[in-house]
1. Just to make sure I understand: if all protein chains stay in place, what is the order of A:273, A:29 by accessible area at 1.4 Å, largest first?
2. Report the trypsin sites (Lys or Arg not before Pro) located in region A:116-170 that are in a DSSP loop and have at most 14 other Cβ atoms inside 10 Å of their Cβ, or state none.
3. About its Cα centre, how strong a charge dipole does the protein assembly as shown have in debye, to the nearest 20, once Lys and Arg get +1 and Asp and Glu get -1 at the Cβ?
4. I need the inter-copy label distances for residue B:20: point set 7 Å along Cα to C-beta, values in nm with one decimal, smallest first.
5. Which are the unpartnered cysteines of chain A, meaning those with no other cysteine Cβ under 4.7 Å from their Cβ?
6. Suppose you put the label 7 Å out from Cα in the Cβ direction; list, shortest first and in nm with one decimal, how far residue A:248 is from each other copy's label.
7. Sequence gap at least 6, Cα distance under 8 Å: using those rules, report the relative contact order of region B:1-153 to the nearest whole percent.
8. Shortest first and in nm with one decimal, please list how far the residue B:31 label point sits from its counterparts in the other copies (point 7 Å along Cα→Cβ).
There are 2 protein chains.
Amino acid sequence: MRAIDVHTHFVPADFPRYLGKATSPRWPTMVCSGASHIMEIGGEKFRAIQPASWDGALRVTQMAGQRIEQQVVSPMPELLSYWLDVDDALSLGGYINDKLQELHESAPNKFLCLGTVPLQDPKEAVRVLQALLKRPGFRGVEIGTHVNGVPIGDPRFNEFFAAAQEFNASIFVHALHPIGGERLVGPAVLQAAVGYPCEMAFAISSLLTGGVIAQYPNLRICCSHGGGAFASVLPRLEWIWSKSEPLQKAMNASPRAAARSIYYDDLVYDGATLRHLLGVFGEDRIVIGTDYPFIIHDPNPLGSIEALDVSDHVKAALLHGNAKRFLDIKDPN
Amino acid sequence: MRAIDVHTHFVPADFPRYLGKATSPRWPTMVCSGASHIMEIGGEKFRAIQPASWDGALRVTQMAGQRIEQQVVSPMPELLSYWLDVDDALSLGGYINDKLQELHESAPNKFLCLGTVPLQDPKEAVRVLQALLKRPGFRGVEIGTHVNGVPIGDPRFNEFFAAAQEFNASIFVHALHPIGGERLVGPAVLQAAVGYPCEMAFAISSLLTGGVIAQYPNLRICCSHGGGAFASVLPRLEWIWSKSEPLQKAMNASPRAAARSIYYDDLVYDGATLRHLLGVFGEDRIVIGTDYPFIIHDPNPLGSIEALDVSDHVKAALLHGNAKRFLDIKDPN
């Protein structure tokens, strides 16, 4: 049965030289030595990068091992670069979108793309989005959970979401520079382990309480990491909403109803949690997400779905049907 | 069947005048006008307070309506007052502990107490804890998720947790001044709705990754609000732990195993989420918590337990057996 992985990432093999005006921009470079590729940002080591991040042929081989037929490919979130001046962001983002398109064109049946837009300037983001959707392979864009600290549910981004609805774009939300670093005790990887899920819960809540979901009912949003901690937050948000006039004023419909209009990937690393998500958000809302090719990616994405005690109809929805609706793919199988 | 509510709060009917040396301390006062009681902190309105917050007879009547036989009563978290100088904290905390004892003595079979200690000075906190446990009605203390921004899993609090284990104290962890306020879009109540569960997830993670759970295996900790978002965070933390040497160095045992040595209340406002918690943390780990008498309290705490498809043995554990273990209550029924 066809399986679509909605959550995979891309890093280009190298980056153009910085040609802008900033004196110390947070601009990426790839430092290669033998088989090692280290990505630096603003001259500081960010992370070792695997060739599967850019190598389409290698990806296709590894997809076969995972029984994934099609990957939706989005930039490594750090590349969203909301901290750059808009001219620099347009330059870097344009390069990344070009490289994403090349990946798609290397195997059009295997790779669909979610590009990047300079959300630090919502008007420019709208312009780039409109142009991007006319290019082969692009179904929409990936965005972060916040833009330089401003949550995506803030009204300043309404024009972007209005355009995404109008242009029929798919929007994939990924955690970025999470809250709560000051509350962690231990190694830096805890930012990804604990910070990301909570960051995601705040971002989704802001989409509900800021009115994005209510104002753009045809907008298609998919949240990464199973919505992070949002499944745990939602019943409490629902209860407090039922008791709080100010919150009812901020959002008319119940949080639970609004939450069920969003898609969520299944990257929760646990069968019981996946079953719980199906109940909380709906069997028509969950799509495959693996975080391929990063080190913490789920190597057996079909295993957790096959282990579910659900009908073949629901399994088909989880494997590809929900993803096709999120991506507005109309092909027959 | 006997039911013990581990999560109820207390506010005294009034507060002593401030007699310390600070020029503008964040000291509480109660401003009464007719039936209205407004608590102020440092001269600013904090919240309207209901008489059930201090009135034992009223509490006993309302407990009968909830079918709760025994309440464990802890201070409203804002009263923990970690921001006060230690002398002021000793004065305010001493007053609150005295008033809690009076509540217990008004109906010793109905009220058990979790007091407050000045955790901004761990040595003083140890001294106060030791004395408190010799007083009638006290089983331990409530603590916040952090002390002026320092998470409770930070090693500076190890001497407190060592003493809590040595003195056989029950420790109830409650969210306080949560992370992520800058990521909320909407009314202030979202701090409680979204911030509290995520704050709790960070605090529990810090107890695991900072080594508290591993170092004090006989320590009895109970976390409020079902551990907040921690149930959603745990499988991801477990997966990343299995891949990350630095995290394995920080914590030897698996996060999942460590999480199952903590108690969690069942204040999640949702049957499906409660069932999920039983699977994640264990049927021997969940206790009743209502947030009584605050406005968002669960008015029907037994309803969600009775609705579970579990054995009478498990129901008894949820109603009182687990609470008795957390509180080290040895009476026969």
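The values are calculated or read from the model by the stated rules, or taken from the named source; none is laboratory data. As the structure is a prediction and not an experimental result, all values here were calculated from the model. Don't worry about glycine lacking a Cβ; one is built from the backbone with ideal geometry, like all the others, and counts go over all protein chains shown. We work out accessible area using only protein heavy atoms, side chains counted, and drop any ligands, DNA or RNA first. Shrake-Rupley method; radii C 1.70, N 1.55, O 1.52, S 1.80 Å.
1. Values: A:273 5, A:29 55 Å².
The ranking, largest first, comes out as A:29, A:273.
2. Working: sites: A:123, A:127, A:134, A:139, A:156; in loops: A:134.
Of the trypsin sites (Lys or Arg not before Pro), the ones in loops of region A:116-170 whose Cβ has at most 14 other Cβ atoms within 10 Å are A:134.
3. Details: 58 positive and 70 negative charges, 49 e Å.
So the magnitude is around 240 debye.
4. 4.8
5. By the Cβ distance rule, which asks for a partner under 4.7 Å, the isolated cysteines are A:32, A:113, A:222, A:223.
6. 5.3
7. Numbers: 245 pairs, mean separation 33.1, N = 153.
It comes to 22 percent, rounded to a whole number.
8. List, nearest first: 5.9 nm.
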